1. Can you give me the long-range amide H partners of residue 421? Hydrogens built in the peptide plane at 1.01 Å from N, cutoff under 5 Å, separation of 5 or more residues or another chain.
2. Can you give the FRET efficiency to the nearest 0.05 for residue 327 and residue 295, using r as the Cβ-Cβ distance and R₀ = 45 Å?
3. Quick check on my link table: of 136/417; 329/417; 48/420; 79/329; 273/420; 273/417, which ones sit more than 31 Å apart, alpha carbon to alpha carbon?
4. Compute the separation of the alpha-carbon centres of region 412-426 and region 237-267 and state it in Å as a whole number.
5. Grab the beta carbon distance between residue 127 and residue 347, set R0 = 30 Å, and tell me the FRET efficiency rounded to 0.05.
6. Work out from phi, with θ = phi - 60° and the Karplus expression 6.51 cos²θ - 1.76 cosθ + 1.60, the ³J(HN,Hα) of each residue of region 45-60, listed in order in whole Hz, and give x for Gly and Pro.
7. Tell me the label-point distance for the pair residue 74, residue 39, using the 7 Å Cα-to-Cβ offset, in nm and rounded to one decimal.
Amino acid sequence: MKTKIIILSALFLVLPIATHAAPAVSGVSGSVNDGGSVIVNGAGFGIKATATPLIWDNFENCVDGTPLQSIEPSWVSQKTSGAICTNDAYAGSHAVKNTAYYDAVKNDGSTTINDFSTNSREFPPVNEVYYTYTFKSRLDSGDGYGVGKAGRIGSNSMPGISQYNGPGTSAICSNYNWFSQGTAVGVLSLDGTNNVMPYYSTILNGSTFPYYGGGSGVRCNSGNNYCQPVSDVWTRQEGYRRNSSPAGATNGQYVNTLDGIVAWNTGNNYITKPAGQTWDLNSVLLPLMFTNMHLGEQVTMVVDSVYADNTQARVELCDNNIWTVDTRKHCEIQVPSTWSDGSVSLTVNQGSFKSGDQAYIYIIDKDGNVNTNGYPVTIGGSVISPPPTPTTYNLSNFTQLTTDWLKTIFSPADVNKDGKVNSQDLGIMMSNWN
């Protein structure tokens with residue numbers, strides 16, 4: 001023990017300490033089917049103070065044709081009756097929808113009907129929000145012209161208004177974004193109002209909707225047609241906003257994605273809450289809004305599998321064994337119930353995976369770090385990971401670690417197999433010293 005303490009103390013005196021190592025998954029056990037219980041073991045998951053998310057709703061309590069708010073009062077309608085329960089679900093039996101249409105009877109061009117018939121849901125004020133859902137839209141009649149508006153992260157800056165716009169409001173984009181100020185997509189206006197106001201455009205009639213109004217439009221990842229969601233096809237949309245802390249500091253971030261493709265990322269040194277602002281994030285808005293339609297047009301929008309939390313830390317079940325922009329096309333958010341640095345317990349959300357499908361488990365920590373290679377599981381099967389054989393380390397391992405310290409290379413000293421030799425490897429060695 002004395003030798004271990006002397007070596008550890010000496011190393012901390014002469015070597016810099018690396019941080020932000022990616023999570024590593026070493027084993028999975030449980031039943032990998034919808035509603036099943038699974039435990040994921042490993043290292044570097046980080047700490048999540050409250051394991052359960054702020055919101056998880058697959059709308060399975062819905063009754064077809066019934067307003068969502070009458071079934072779940074926490075989802076407050078924003079116009080008319082709000083979203084309506086439907087059996088046109090992404091997974092399971094139910095989802096919620098809105099059908100917007102131009103009033104052909106009035107024929108005065110004054111408004112569309114049900115254009116903002118959506119719902120918002122509040123939670124205690126927080127500094128950051130990760131928000132995701134599955135979504136599709138369908139042209140029922142007309143020429144497909146109009147502006148669809150994606151889901152939004154709202155603030156408490158203007159109660160009753162800032163779920164949709166106002167200081168601190170952010171919208172999740174898919175294909176086209178609309179913004180004022182004439183600036184690049186996603187850039188915040190200087191006074192903190194109309195923060196990140198992207199809209200979506202969907203291929204409904206063989207071409208994308210024209211983007212509307214006096215702003216400018218830009219495709220996410222210009223040149224990549226995958227960013228254009230197709231009529232009546234489900235997509236996964238994600239948004240993450242971290243407020244500057246303190247207000248005015250260059251440490252905020254905003255990211256949004258469509259089916260794993262990053263549409264916009266400010267980086268983690270952006271001012272997302274200007275100096276002097278006192279609002280926090282406290283709500284999400286469902287993406288069931290469509291306006292500026294032509295006469296006789298009708299569009300149906302459906303949303304399912306809604307998840308929101310005050311951190312990026314989460315678990316995903318994906319169809320590819322490598323986590324990259326090019327491969328992360330189909331992922332299902334999972335629902336954690338306990339979380340520690342080395343273990344996560346969760347309830348399986350099978351989503352659209354079918355029994356027998358091969359899938360891979362990923363752990364994302366609070367900083368967005370993720371295990372690059374997923375841990376393989378079979379949907380519908382049971383997984384029993386045997387207890388790992390204890391590995392011990394000695395002076396020769398320590399010597400290799402000092403030689404390769406902070407290098408990104410293949411090395412025997414990279415004992416947690418994350419591609420880097422750093423303080424995490426040192427900690428594992430010291431905990432299993434022989």
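1. 406, 407, 409
2. Working from the Cβ atoms, E equals 0.55.
3. 136/417; 79/329; 273/420; 273/417
4. 29 Å
5. For residue 127 and residue 347, the calculated efficiency is 0.65.
6. Going residue by residue, I get 6, x, 10, 10, 4, 10, 5, 6, x, 5, 9, 9, 8, 9, 6, 6 Hz, with x marking Gly and Pro.
7. Label-label distance for residue 74 and residue 39, simple model: 2.8 nm.
Laboratory data are not the source of any read-out in this text; all were calculated from the coordinates shown. Only a predicted model underlies this, so the values are computations on that prediction, with no experimental measurement involved. As a convention, Cβ positions derive from the backbone with ideal geometry for all residues, glycine included, and neighbour counts pool all protein chains shown.
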